[in-house]
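Contents: one structure, followed by commentary.
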Amino acid sequence: MSKLYLYVAETNHSQKDTADIVIKNEISQAELAQLNDAFSICSIYHSITQIKNIVIENGESFKHFMSSTNMMELSKHNISPERAITLANKAVLNYASSIKTYIDMETRILRKKSSQTSLDSFNTLCHTFYDKHLEYRFWSNFRNYIVHCEFPYTIFQNSVVTGCKIICTKDHLLQFDNWKHSKNDIMQMDEIVNLPVLVDNMSSLIYALYIDFFSYFATEIIKGIETYGNFCRRYDVKNPVIFKTENKDKLTGNHIQPLPVNELKASFDILKNNPNISINIK
């Protein structure tokens, strides 16, 4: 296998959709390996940020679907009761399922990429949220309610004045006998249960778990920032990419490896804004 030559190159964005690339210095395979290791957090950042965003967006979509404005639209377009109820149950199931997926994904990542201490700390925080917030208790048990009992929305009402209403009742929820600690919460709710009001605080708790998540990778993030900063200073570059070629004399048409700097900086910003984290950069 022929030797692969590696170079650091500077990118200069002269116009909106174009960039000039200036090759500066040759680097070693060891330097590239060290640089790649500095960005190892970025794939984790992408995964956990994507599922966090999905949870938040699913919650907003559910609230929008159940809003009085949308209920008027359903009535105006003569959406059948069966279809309206199905769409309501779909929206709430999407939200509940994405919450569970977030918890499962963070658990999996911590178990695989971090330490048992980190996983224990995460589980302790989840238990604290469960104990202190009825929304966390409710949504933690909600998916099991659907799997083992029923969908929440079963009643459809329509009016030319107010539009349609899709209703979940307390009695219907309490048909499930395994609500655990949520049962007392549900018993204190109104007879017609307003599920969308339970979204905002739960989504805020998911965001708190998301912020906390990056504290378990603080060492990797800070080391990555330091390694990248040292690399840029060593080669006097601000927007580097890695240029790879098998032929030193023919530099066109070869491979360019961009660096996920935005993801690394975003991870660092999340860490920096965590009040429980103190950062000292060398």
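Summary of the geometry: segment 161-234 and segment 54-125, compared by the centres of their Cα atoms, lie 9 Å apart. Helix 41-66 sits at what angle to the longest principal axis of the chain, using alpha carbons and giving 0 to 90 degrees rounded to 10? The answer is roughly 30 degrees. Projecting the Cα atoms of 27, 77, 195 onto the charge dipole of the chain, computed from C-beta unit charges around the Cα centre, puts 27 farthest toward the positive end. A quarter of the convex hull surface defined by the alpha-carbon atoms of segment 148-282 gives 17.5 nm² as the mean projection. Counting every other Cβ atom within 10 Å of each residue's Cβ, 87, 173 order from fewest to most as 87, 173. Taking Cα centre as origin and charging only the Cβ of basic (Lys, Arg, +1) and acidic (Asp, Glu, -1) residues, the dipole magnitude of segment 1-119 rounds to 500 debye. Its Cα centre serving as origin, segment 43-216 has a Cβ charge dipole (Lys and Arg +1, Asp and Glu -1) of approximately 400 debye. More than 28 angstrom separation, counting every C-alpha pair in segment 43-216; what % is that? I get 29 percent for the Cα pairs in segment 43-216 exceeding 28 Å. Taking the fewest neighbouring Cβ atoms within 10 Å as the starting point, the ordered list for 147, 92, 193 is 147, 193, 92.
Once the Cα atoms are used to define both axes, helix 218-235 deviates from the longest principal axis of the chain by about 30 degrees.
Values in this text are rule-based calculations from the coordinates and carry no lab data. Just so it is clear, the structure is predicted and the values come from calculations on it, not from any experiment. Note that each Cβ is placed from the backbone with ideal geometry, even for glycine, and that neighbours are counted across all protein chains shown.
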